[in-house]
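One structure is given below, encoded as structure tokens.
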Amino acid sequence: MDRYFSCKDIYRMLSGYIDDEIDTMVREIMEEHIKECERCLSLLHTLEKTIVFSRETHRRKKVPERFVKKVYYEIRIRYKR
């Protein structure tokens, strides 16, 4: 395997990196790149913060039951067979 990834390669694999879904060797190569590349490090931090923010927001806000029922019945009406 090539021991170098471009920024474009890193961008494509960041989600897998964050979710710990990539091979150990690939992770090590990515980490080497990220240590030396300020843009990729910044993107990684931004994605991590976005995920944390999204999870916190999701926990705090609950979709009103009335809205859930409305969407449910709209789907049933439109797609009734």
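No lab work stands behind these numbers, since they all come straight from the coordinates. What you are looking at is a predicted structure, and each value in this text was computed from that prediction instead of being measured. Because the Cβ atoms are built from the backbone with ideal geometry, glycine has one as well, and the counts that use them run over all protein chains shown.
Per residue of the chain, the DSSP helices (runs of n ≥ 4 H) give a summed -39500 (n - 2.57) that works out to -25000 deg cm²/dmol at 222 nm. Cβ-Cβ distance of Leu47 and Val71, R₀ of 41 Å, FRET efficiency by 1/(1 + (r/R0)^6): the value works out to about 0.90.
When the chain is treated as a GNM with alpha-carbon contacts under 10 Å, the residue of Val26, Val63, Val52 showing the greatest mean-square fluctuation is Val63. Rounded to whole numbers, the Karplus 3J(HN,Hα) couplings from phi for region 62-78 are 10, 6, x, 4, 4, 5, 4, 5, 4, 5, 4, 5, 4, 5, 4, 5, 5 Hz, using 6.51 cos²θ - 1.76 cosθ + 1.60 with θ = phi - 60°, and x at Gly and Pro. For region 7-78, the share of alpha carbon pairs falling in successive 5 Å distance bins from zero is 3, 14, 18, 15, 10, 8, 9, 9, 8, 6, 1, 0 percent.
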